[in-house]
Amino acid sequence: MITTRFGALSTAEDVVAGFDLTGVRAVVTGASSGLGRETARVLAGAGAAVTLAVRNASGPARLDLADPESVRRFVDAWDGPLHLLVNNAGVVTSGLERTGAGWERQFATNHLGHFALALGLHEALVQGAAEQDGARVVVLSSTAHMRAPVDFADPHFRHRPYDPQIAYAQSKTANSLFSVEASRRWAADGIVANTVNPGGVATGLQRNFSAAQKESLAAAEAAGVFQYKTVAQGAATTLVAAVAPEFAHTGGHYLDDGREAYLVPDDAALADHPHGVKHWALDPAAAERLWDLSLAHFR
């Protein structure tokens, strides 16, 4: 298990203190608010050239992860090497929503859009890795992944009852599995991908919570399952995966509170484990299967 000197109370600025990121080109999705904005701000403050990939931008920086054509335009507009890709953006829905392609919106945005983005920027990351002795992809997940694995038979809820919490959990498990398989496939290119859990942070992500989702979150907080972090503290683990030397050349890990998380049994209750990662989110066989399933969406 990989440890660092950082913990739950560390901030993003604590992590980058002493780093000179001049020459590093980074893309941060969902950087207009919350964790993404803090991540981009701190990276830029350390000297990195940061592209804010957001839906409300105009021109080549505009990115709607739920729209494959928007992802394609962003990728086509990118020029030159890329050293760091932070797949930060995410969406929560309170009920079943579908994209124009008919995909369940949370899986489409949180996983498929980021999958297509990373795949499209792969050659740029290869160039970046050659320049900087490695390139990194950081993917944001959540403790919510403990609620559900990926349902390979019905990822878009076409045949099973819709539960927005299970849909969100599935997408967060998928985020982790992407890092596992990307690191395996791209290791020879000098690219590593790691997953981070920012912890409980009050951001715009919660604006679409249903009453039931809000009640569940409040109950978990009251029971001590988790404590809210500040945005600066929530972004710290992202920065650990992005710049810490401990994760420069190793991927497929799930980080929590600034270090690699411990493994939780798949049958363990979420309420009993406010930290950690379930095996189904790190399973190499599931990761490879998800990669193939994801590719099939874009053929």
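When you restrict to C-alpha pairs under 8 Å that are six or more residues apart and normalise by the size of segment 12-293, the relative contact order lands at 20 percent.
A simple count of charges around Gly47, restricted to other residues whose Cβ falls under 13 Å of its Cβ and scoring Lys, Arg +1 and Asp, Glu -1, yields +1. Gaussian network model of the chain, Cα springs within a sub-10 Å range: biggest mean-square fluctuation belongs to which of Gln106, Gln132, Gln170? Judging by the Gaussian network model, the answer is Gln132. Straightening the chain between Asp133 and Ala101 buys 7.7 nm, computed as 0.36 nm per residue apart minus the Cα-Cα spacing. Place +1 on the Cβ of every Lys and Arg and -1 on the Cβ of every Asp and Glu in segment 12-293, take the dipole about the Cα centre, and give the residue among His275, Val180, Val71 whose Cα lies farthest towards its positive end. Positive-most Cα among the choices belongs to Val71. Largest first, the extents of the alpha carbon coordinates of segment 12-293 on the three principal axes equal 47, 39, 36 Å. Here His279 and Ala44 are evaluated by their C-beta separation; at R0 = 45 Å the FRET efficiency comes out at 0.75. Report the local net charge at Gly199: Lys and Arg +1, Asp and Glu -1, summed over other residues whose C-beta lies under 9 Å from its C-beta. Summing Lys/Arg as +1 and Asp/Glu as -1 gives -1. What's the local net charge at Arg73, with K and R +1, D and E -1, over the other residues with C-beta under 12 Å away? That sum, taken over residues with Cβ under 12 Å, equals -2. Among Asp76, Asp64, Asp256, the residue with the largest mean-square fluctuation in a Gaussian network model of the chain, with springs joining Cα atoms closer than 10 Å, is Asp76.
Long hydrophobic helices in the chain: the complete DSSP H runs spanning 24 Å or more by Cα along their own axis with mean Kyte-Doolittle hydropathy of at least -1.0 are 164-186. Note on Arg158 and Asp266: the extension gain reaches 36.4 nm, defined as 0.36 nm multiplied by sequence separation minus the Cα-Cα distance.
Values quoted throughout were computed directly from the atomic coordinates according to the rules given, and no laboratory measurement underlies them. Quick caveat: nothing in here was measured; it's all calculated off a predicted structure. FYI the Cβ positions are ideal-geometry reconstructions off the backbone, even for glycines, and counts take in every protein chain you see.
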